[in-house]
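Q: The following block contains the structure, expressed as structure tokens.
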Amino acid sequence: MSQRIEPAPAVIRRLARIALALPEVHQEQAWTGVRWRIRARTFAHVMVSQEGYESAYRDATGQAAPTTVLTFHATGEELLALTNSGLPFYKPTWSPTVMGMVLDENTDWTEVGELVTDSYRSRAPQRLVRLLDES
């Protein structure tokens, strides 16, 4: 089996600037890639989908080339819209509220910021969501 490919440091830094600006968030290494958590709840995770390892992205798209992906939580109308929009979005089967997004040279980082923030809102305690809304 080939060695795990990790996300590019520039991608991690860019996501960290978004996620770590949210109240009480911490960043940690995951089994692969990096994840951002509020307490014990992950709300964003970046990794590289690659052959030789299980991959919801590859399962959903059939694409085998190494691909940097972000997973996050979505709910309601946003979840429905993203589920039906096609790439760069895809729907992992392992959670009803998790969405995936390909991160590449065409990524709209403003949209990523909004999606990561919405994911945080869906996972954080209401006290912290109110704190975020007040800032």
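FYI, it's all coordinate maths here, none of it is from the lab. Computed from a predicted structure; not experimentally measured. Note that we place each Cβ from the backbone using ideal geometry, even for glycine, and neighbour counts take in every protein chain shown.
Q: Please list, by residue number, every one of the trypsin sites (Lys or Arg not before Pro) in segment 9-73 that is coil in DSSP and has at most 13 other beta-carbon atoms within 10 Å.
A: Values: sites: 13, 14, 17, 35, 37, 39, 41, 58; in loops: 39.
The qualifying sites are 39.
Q: Say a site is exposed when it is one of the GluC sites (Glu not before Pro), sits in a DSSP loop, and has at most 14 other Cβ atoms within 10 Å; what is then the longest site-free stretch of the chain?
A: 55-104
Q: Net charge around residue 67, counting only other residues with Cβ within less than 15 Å of its Cβ (Lys, Arg = +1; Asp, Glu = -1)?
A: On the way: positive: 4, 58; negative: 6, 51, 54, 59, 104, 105.
Once all neighbours under 15 Å are counted, the net charge is -4.
Q: Rounded to the nearest Å, what's the spacing between the alpha carbon centres of segment 69-96 and segment 1-38? Just the number, please.
A: Using only Cα atoms to place each centre, the spacing works out to 19 Å.
Q: Right, here's the next one. Please state the shape class of segment 40-81: rounded when a/c is under 1.5, otherwise prolate if a/b exceeds b/c and oblate if not, all from the C-alpha gyration tensor.
A: Here segment 40-81 falls in the oblate category.
Q: Please say if the chain is rounded, prolate or oblate, where rounded means a/c under 1.5 for a ≥ b ≥ c the square roots of the C-alpha gyration tensor eigenvalues, and otherwise the choice is prolate for a/b larger than b/c and oblate otherwise?
A: Prolate, since a/c reaches 1.5 and a/b exceeds b/c.
Q: Shifting gears a bit: So between residue 131 and residue 60, what do we pick up on full extension, going 0.36 nm a residue minus the alpha carbon distance?
A: 21.9 nm
Q: From the Cα gyration tensor of segment 28-100, with a ≥ b ≥ c the square roots of its eigenvalues, which class applies: rounded if a/c is under 1.5, or else prolate if a/b is larger than b/c, or else oblate?
A: Oblate.
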